[in-house]
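The values are calculated or read from the model by the stated rules, or taken from the named source; none is laboratory data. Everything numeric here is computed off the predicted structure, so don't read it as measured data. Note that each Cβ is placed from the backbone with ideal geometry, even for glycine, and that neighbours are counted across all protein chains shown. The area values use the complete protein model at the heavy-atom level, side chains included, leaving out ligands, DNA and RNA. Shrake-Rupley method; radii C 1.70, N 1.55, O 1.52, S 1.80 Å.
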Amino acid sequence: MNNISKYVALVFILFCLSSRISAQQLKPEAFSLLNLDYPGLEKVKTLHEAGKDADAAKALLDYYRGRTAVKHPDIDLTKIRISKEEQKWADDALEHTFFSHKGYQPSYNYGKDINWQYWPVQDNELRWQLHRHKWFAPMGKAYRVSGDEKYAREWVHQYMDWITKNPLAKINKDEYEMLNADEVKGLVENVRFAWRPLEVSHRMQDQTNQFQYFIVSPSFTPEFLTEFLVNYHKHVIHLLGNYSEKGNHLLFEAQRTIYAGAFFPEYKDASAWRKRGIDVLNREIEIQVYDDGGQYELDAHYHAAAINIFCKALYMADANGFRGEFPQSYMDTIEKMIVFYMNICFPDYTNPCFSDAQIGAKHAELRNYREWMKLFPKNEQIRYFATEGKEGKLPQNLSRAFKTTGFYTFRNSWKKDATVMVMKAGPEGFWHNQPDNGTFELWFNGKNLFPDSGVYVYAGDSEVTKQRNWFRQTMVHNTLTLDNKTLETTQSVCKYWNGEGNVQTLVTENPGYAGLTHRRTVFFVDNTYFVLVDEAYGDAVGEVNLHYQLAEGKVDLDPKTMMVNSDYAGSSNVKLQCFGEKPLTMKEEEGWYSTTYRKRAERTALSFNTQKQTGDTSRFITVIYPLTDRAKAPELSAKFNNKEFSASGVEVEVKVNGKKQVLKINF
Ligand code: MG
């Protein structure tokens, strides 16, 4: 192509693009995607077969505007409410300031002529989530609440603008020649973000809502309807051919495929879509949920998300009469997952932030329980948490082990003054899992005394990934490392569990490094304090480090006595003291914790360290004593009674204010 013809072709393409944005074109292929024999589409079929597609599109729009047979569980059009925050997202969007991610506030502006490739911070999440169009449904609510056409007009404009600027199909050769290398690279790279299957599924789900909000608008023209249906179909086909291999993404994608099939039964393949989604969920609930009810990413946040995915599929099924396609075992597993969740959470409804978990807001947790209660009305425990104890019954157990998932809860009460330690020592886990075997969180009298470091960010360029990697390190958890290195193997086994009585005990073991196995024994004594016995055995040589991460606020460290005393305001404090078999050093370390994306707080972190020679076992006893009044911290001492490491047990002697207690376990 010479330069003039290139120029002419470019002008032509730009003309086509701009005319598509300002006035949508009727897409006749929409009719070929639909089953025109579907009840209610008789008129559409007659007009289409007579070659009158413009009238057929009008008839199709009339059909959708009057459709009542399909029910949507997420929306009640007679009671639309918009929060202040959603109203802001809707109004900002009119100026092309798009709410993409809570971790990046205030939201960025994407330009008068929207630049969907704008990537101000090279965090993958920011770019991926732009393509979830989280402001579209709020625009729909704003439209319905105010009746102001500007929201609908702008939504149609942005919807079309997105289609035009985010092509999925490969760019053809002529277009390639007209673009410079950077532009080609930009478009190719863009597909990775705009068309990632998780984002595609997100749009599929959200667009069922947008469709309902905007369908009554004059801006939602018959031509636009055909554009919408073709685009939506393309989404489903792309998703079905590119399902994620496993994990929570696959669950989201399957559930949203059910949404597509159930909400648009007029598509020829709708029932096949629905069936595919249901088949995947029925299969994955068996794979991704262990027999004790834990989801295999070992992350409380994704565990709860997985429950909600499974439930959402059921709500859609109930609304449209296909509950029978899920077996009873599906229901039983969801119930087991909820029981797991209530047992690993704290009395204030917060969750441990192990792995990539962020902390849940109480109102959202309560909403979850209320939804779950509807599915399981006979479960008195779910009712208890849904009503904040006004109805229902507490679980009969206090402490509880989930041995397959490797979550262990020591608990002396379900009330606000409880002492609750949740320990994580599980199998290998999936993507969101962190290499943190043996770590714990300890919640006491309203405060989390040892919050997990959390996640902070997911992934992106080297700077963002470096931040993520800091929070993933084993050494920033409450556990043991060799030379501060991150664990090579994360395969803990439970050697012993007893969750009842005055001395409750857990023994777990992880072969963390070549030549070094970490055995951690936890004694929960008199429902009051904890004694952790850490033994590192094997041929490895190096420094063995035992790390602790405290809460934000003042903490006093005494390297002479290996003592740690918190000085927090309020009535939840802790005294921790470590007793080594060989000389220890105390080292203060960098400490951060993050419970929400891109927000972090500095806190005290430290390690106790000892040198290990070949064949030695490094042994530590840590007494962790929670206190309502820090002035009443007891005198502590501890020692090993068994002089040598034994593969079949351990015995230690602990003194609290001189009172001796022998703690012994054989297995
Ligand atoms: Mg962590």
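Per-structure values
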quantity: Candidate lysines for bridging to LYS660, where Cα separation is under 17 Å - those fewer than 8 sequence places away on the same chain excluded; calculated: LYS639
quantity: Under 18 Å from LYS336, Cα to Cα: lysines that are on another chain or at least 8 residues apart; calculated: LYS312, LYS374, LYS378, LYS393, LYS403
quantity: Around SER399: net Lys/Arg minus Asp/Glu count, Cβ-Cβ under 14 Å; calculated: +1
quantity: Highest to lowest packing among 592-602, 416-426, scored as the average C-beta count within 10 Å; calculated: 416-426, 592-602
quantity: Pair ARG323, GLU29: separation of 7 Å Cα→Cβ label points (nm); calculated: 4.0
quantity: Cut-off under 5 Å, modelled amide H: who pairs with LYS246 long-range; calculated: none
quantity: Accessible area expressed per residue, segment 400-666, with surrounding protein chains retained (probe 1.4 Å, Å²); calculated: 38
quantity: Packing rank of 188-196, 148-156, where each peptide gets the mean count of other beta carbons within 10 Å, highest leading; calculated: 148-156, 188-196
quantity: Whole-angstrom gap from segment 326-403 to segment 89-145, using each part's C-alpha centre; calculated: 33
quantity: Sequence ranges 464-476, 528-540, ranked by mean other-Cβ count within 10 angstrom, highest first; calculated: 528-540, 464-476
quantity: The chain, Cα convex hull volume normalised per residue, Å³; calculated: 170
quantity: Reach of LYS141 by Cα under 16 Å, taken over lysines that are not fewer than 8 positions away in the same chain; calculated: LYS79, LYS84, LYS88, LYS150
quantity: The chain, accessible surface, carbon-and-sulfur percent (1.4 angstrom probe); calculated: 51
quantity: Solvent-accessible area per residue for segment 19-134 (1.4 angstrom probe, square angstrom); calculated: 53
quantity: Hz values of 3J(HN,Hα) by residue in segment 576-593 - Karplus curve (6.51, -1.76, 1.60), Gly and Pro given as x; calculated: 10, 9, 10, 10, x, 6, 10, x, 10, 10, 9, 10, 7, 10, 5, x, 9, 9
